[in-house]
Amino acid sequence: MTLDLHGTKHEDVQQLLDAFIYKHMTKKTSRIYVITGNSEEMKKIVSKIASEYGLTAVENMFHSAEMIIDFI
């Protein structure tokens, strides 16, 4: 369950991530991964969108270009 945003324009992230989060919430997925690349701005956008759903996006400690969102 991975969404690759690497190379995606910042203004397109909201729609893509909203759809991805909604899809996996309805499927009762426990965790998703979002590839952000190394852009700090992209990581901030992903964190902000996750927080709108009451979720937290954390940087993967083994892969800094990836964020993890848990639905638990």
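The values are calculated or read from the model by the stated rules, or taken from the named source; none is laboratory data. Because the structure is a prediction, the values reported are computed rather than measured. As a convention, Cβ positions derive from the backbone with ideal geometry for all residues, glycine included, and neighbour counts pool all protein chains shown. Just the protein is used for accessible areas: all its heavy atoms, side chains included, with ligands, DNA and RNA removed. Shrake-Rupley method; radii C 1.70, N 1.55, O 1.52, S 1.80 Å.
Has segment 49-64 got any residue that is in contact with a His (Cβ under 7 Å, 6 or more places away or on another chain) and either at pLDDT 95 or above or among the hydroxyl-bearing types (Ser, Thr, Tyr) (or both)?
No, segment 49-64 contains no residue that is in contact with a His (Cβ under 7 Å, 6 or more places away or on another chain) and either at pLDDT 95 or above or among the hydroxyl-bearing types (Ser, Thr, Tyr) (or both).
Which condition does LYS27 not pass, out of (1) open to solvent by less than 80 Å² (accessible area, probe 1.4 Å); (2) more than 9 Å from the chain's Cα centre (by Cα), if it passes all the others?
Of everything listed in (1) open to solvent by less than 80 Å² (accessible area, probe 1.4 Å); (2) more than 9 Å from the chain's Cα centre (by Cα), LYS27 misses just condition (1).
I need the strands (runs of 3 or more DSSP E) fully contained in the chain, keeping only those with at least 3 residues that are without any contact (Cβ under 8 Å) to a residue 24 or more places away in the chain.
57-60
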